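**Student:** Quick one: this structure, given as structure tokens, is what I'll be asking you about.
The values are calculated or read from the model by the stated rules, or taken from the named source; none is laboratory data. Just so you know, these numbers come straight off a predicted model, no measurement behind them. FYI the Cβ positions are ideal-geometry reconstructions off the backbone, even for glycines, and counts take in every protein chain you see. Calculation scope for accessible area: heavy atoms of the full protein, side chains included, ligands and nucleic acids excluded. Shrake-Rupley method; radii C 1.70, N 1.55, O 1.52, S 1.80 Å.
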Amino acid sequence: MIKASLMAALLLSGAPASHAAQARPPQILVDCSGAGAGTAVSSLADLNAMRFVPGTRILFKRGVTCHGSFAPRAGNSGTAAAPIVVSAYGDPAAGRPVIAAGCAQAATDSDQTLTDRARTPRGVSPYHTLCRSDGGDGAAVARAAIHLYNVDHWEIEGLELTNDGAGEGARVGLLVQLEDFGTGSHYRIRDVYVHHVRGYLKDAPGGEHGYKETGGILFNITRRAVNQRRTRFDDVVVENSEIFHVDAIGLSTRSAWMCRPGGAPCGDYPPYKTGAATLSAAAADEYTPSTNIIFRNNRIHDIGGDGIVVRTALRPLVRANLLHDIWLRAAGNSAGAWAINTDEARFEYNEIHHVRYQEPWEPGDGMSFDADLGTRGTHIVSNYSHNNGGGFMLFCGCGNDGLGHPAQASGTVVENNLSLNDGRRAIVFAGSQSAVVRGNLILNTRAGLSAPAAENTGLGSKNAGDIRDNVFYHGADAGTLFRAVKPALRHDDIRWSGNRFYGYQHSGEFTAGQFFEGDTANTVLPAASYDPDAAMRQWFAATRFRERSYRR
């Protein structure tokens, strides 16, 4: 009788087998403990050498750690009818299977206590490595614990991934990378725990990977030549997962096929960034957005830089995620969840809190949401933002596209959100072609928090927004309308219509030359005439936020 391991090898090698065997997708058991049965693959090196047919199930043993990187060969794709599935087997009480791409020896921190305890009271803290040994200075840095390169129709669930190190490196927890591929379809990441990934905190001069190419879970489209095939992702879902203590990015999409008029700077990506190709007007036609991107019900926390970033995409959905303790370490501006060079992104039912604001950045980020360079039609709806050091909302169409046009942030809609005690300023205009901010509750109940309603930084070609039918509340009766980064700034592109301002009556800004009232009168009332607790209860009930937001 043929053993199961031999049967799997025959199927994977393409050798003939019986009709019954061919009809049943192969199952590969992976046990790196050294005590596995003869039917199990015992190392990632052996696993990486295999060829996988569509429908293959690759099962890692629970409670066992595999050291190294799972990096299947390019071309090992599933099909729509038979995706390749990576999951777990064994006793559920033993804990998740672990793929540890970094240090050879590491302390355990199963309840996150050791890492949390290392944080400073203010929260902005150095990376806390669990490494006891990572092989020394000459040890190679693994790019990712799981690195899927030029494959599609894959599903990954139930694993734990780390990529720790004694020093910074070009590390990712789970990296899906396409290049010269065309359309990569069907990626499912479910119930994956990624933690202790020590990436970069700033770009290294001449480095191959920027710091925003390191972190937790990254979908990255790279490019080295002008004449490669246009490449994009389609049908990506990351859900029910946790990303903890990673540098620099939590969860992100990226694409080198991103040039278009009014978009993000084309020179930021190879082949133009490296000088391998000359940036010309022809690049304006290269924009190839990824589609059907869904990030939902994930917990993302203790992140060095940004929490969630969607780039070069069409109609991505970011829904019901919990993000907190963001921008703890990175040297560059960072925010909670945001879109760049993307059309019709939708952010809904997310909770974001304790994004830090780091000095000396001016005007600085540190807010929950951002409609950034090249965004069009972003919708930020029914989210709960609170206690963020840099505020609630940023519009940042500042700079240019690298093709001779100003970058744009246009058509943004921010509605029906609750912002509670978001610091420094509520809304930041740093370049907006057009935006509507309507029907939001922006409440300040914390003593000593001044947080003006809006700030106009003067960056970008235009700062335009229609701010209407919102409630602004300042419990100390000390609310202010504007924070001017430069004394001469005007706000003539911002119109205020039908807003109610509670606790702002001592501000003379409503009659000053920088206040531009829109088509409906605004109302200014004392703070004592408003009940913020009742308003919040009503908001939670009306939005059914607790039912629709992150659920463990």
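**Student:** How large is the accessible surface of SER497 in square angstrom, using a 1.4 angstrom probe and rounding to the nearest 10?
**Tutor:** 0 Å²
**Student:** Find how many whole Å separate the alpha carbon centroid of the range 142-190 from the alpha carbon centroid of the range 317-383.
**Tutor:** Their Cα centres are 23 Å away from one another.
**Student:** Hey, another quick one. Starting from one equal scatterer on each C-alpha and no solvent at all, send me the Debye-based log10 I(q)/I(0) for the range 242-307 at q = 0.20, 0.23, 0.26, 0.28 Å⁻¹, two decimals.
**Tutor:** Here the Debye-derived log intensity ratios amount to -0.86, -0.95, -1.04, -1.13.
**Student:** What is the antiparallel percent of DSSP beta bridges lying wholly in the range 293-435, to the nearest 5? Before the final figure, lay out each step's value.
**Tutor:** Working: 1 of 46 bridges.
Roughly 0 percent of the beta bridges in the range 293-435 run antiparallel, per DSSP.
**Student:** Normalised by the empirical 2.2 N^0.38 Å for globular proteins, what value does the Cα Rg of the chain take?
**Tutor:** 1.03
**Student:** Report, to the nearest whole %, how much of the accessible area of the range 428-552 belongs to carbon and sulfur atoms, 1.4 Å probe, protein only.
**Tutor:** 49 percent
**Student:** Another question, then. Between ARG500 and ARG122, what is the FRET efficiency for a Förster distance of 45 Å, r being their Cβ-Cβ separation, to the nearest 0.05?
**Tutor:** Taking R0 as 45 Å, the efficiency between ARG500 and ARG122 is 0.85.
**Student:** Expressed in nm to one decimal, what extension gain is obtained for the pair THR39 and GLU359 from 0.36 nm per residue of sequence separation less their Cα-Cα distance? Provide the component values of the computation, followed by the final result.
**Tutor:** Values: separation 320, 0.36 × 320 = 115.20 nm, distance 5.62 nm.
Stretched fully, the THR39-GLU359 segment lengthens by 109.6 nm.
**Student:** Could you work out Rg/(2.2 N^0.38 Å) for the range 83-149, with Rg from alpha carbons only? Working shown, then result.
**Tutor:** Details: Rg = 15.6 Å, N = 67, 2.2 N^0.38 = 10.9 Å.
Computed over Cα atoms of the range 83-149, the ratio equals 1.43.
**Student:** Compute the helix-to-body angle for 4-13: its Cα long axis versus the longest principal axis of the chain, expressed 0 to 90° and rounded to tens.
**Tutor:** The two axes meet at around 70 degrees.
**Student:** Can you pull the accessible area of THR520 for me, 1.4 Å probe, Å² to the nearest 10?
**Tutor:** Result for THR520: roughly 60 Å² accessible.
**Student:** Need one number: convex hull volume per residue for the range 297-452, Cα atoms only, in Å³.
**Tutor:** It comes to 99 Å³ per residue, whole-number rounded.
**Student:** Just the accessible area per residue of the chain, please: how many Å² with a 1.4 Å probe? Please list the in-between numbers first.
**Tutor:** On the way: 21170 Å² over 552 residues.
Heavy-atom accessible area per residue stands at 38 Å².
**Student:** Expressed as a whole percentage, what fraction of the accessible surface of the range 120-187 belongs to carbon and sulfur atoms when a 1.4 Å probe is rolled over the protein heavy atoms?
**Tutor:** 49 percent
**Student:** Next question, about the same structure. What residues qualify as long-range amide H neighbours of VAL172, i.e. H under 5 Å apart, gap of 5 or more or another chain, H built at 1.01 Å from N?
**Tutor:** Amide H neighbours of VAL172: ALA144, ALA145, GLY215.
**Student:** Compute the projected area of the convex hull of the Cα atoms of the range 206-326, averaged over all viewing directions, and report it in nm² to one decimal place. Intermediate values should be presented prior to the final figure.
**Tutor:** Numbers: hull surface 30.2 nm².
For the range 206-326, the mean projected area of the Cα convex hull comes to 7.6 nm².
**Student:** Given the protein chains as shown and a 1.4 Å probe, how many square angstrom of MET258 are accessible, to the nearest 10?
**Tutor:** The value for MET258 is about 0 Å².
**Student:** For the range 322-402, what D do you get in µm² per second when you plug the Kirkwood radius from alpha-carbon pairs into Stokes-Einstein at 25 °C and 0.890 mPa s?
**Tutor:** The diffusion coefficient I find is 191 µm²/s.
**Student:** Would you please give the FRET efficiency between HIS405 and ALA94, computed as 1/(1 + (r/R0)^6) with r the Cβ-Cβ distance and R0 = 56 Å, to the nearest 0.05?
**Tutor:** In this case the efficiency is close to 0.50.
**Student:** Rounded to the nearest 0.05, what FRET efficiency is calculated for ALA484 and LEU449 with R0 set to 25 Å and r the Cβ-Cβ distance? It would help to have the intermediate numbers written out before the result.
**Tutor:** Numbers: r = 19 Å, r/R0 = 0.75.
The pair ALA484/LEU449 has a calculated efficiency of 0.85.
**Student:** Angle between the Cα long axis of helix 532-543 and the longest principal axis of the chain, 0 to 90 degrees, nearest 10?
**Tutor:** 50 degrees
**Student:** While we're on this one: Once you put a point 7 Å from the Cα of ARG552 and another 7 Å from the Cα of PHE540, both along the Cβ direction, what distance in nm separates them?
**Tutor:** The answer from the label model is 1.7 nm.
**Student:** What distance in nm separates the two pseudo spin-label positions at ARG224 and ASN387, each 7 Å out from Cα along the beta-carbon direction?
**Tutor:** Placing both labels 7 Å along Cα→Cβ, they lie 4.7 nm apart.
**Student:** Moving on to the next point. Considering the range 465-552, what Rg and Dmax in Å follow from its alpha-carbon atoms?
**Tutor:** Looking at the range 465-552, its Cα Rg and Dmax stand at 15.7, 50 Å.
**Student:** Further question: From the P(r) of the range 421-512, could you give the percentage of C-alpha pairs in the tail past 23 Å?
**Tutor:** In whole percent, the share of Cα-Cα pairs in the range 421-512 beyond 23 Å is 18.
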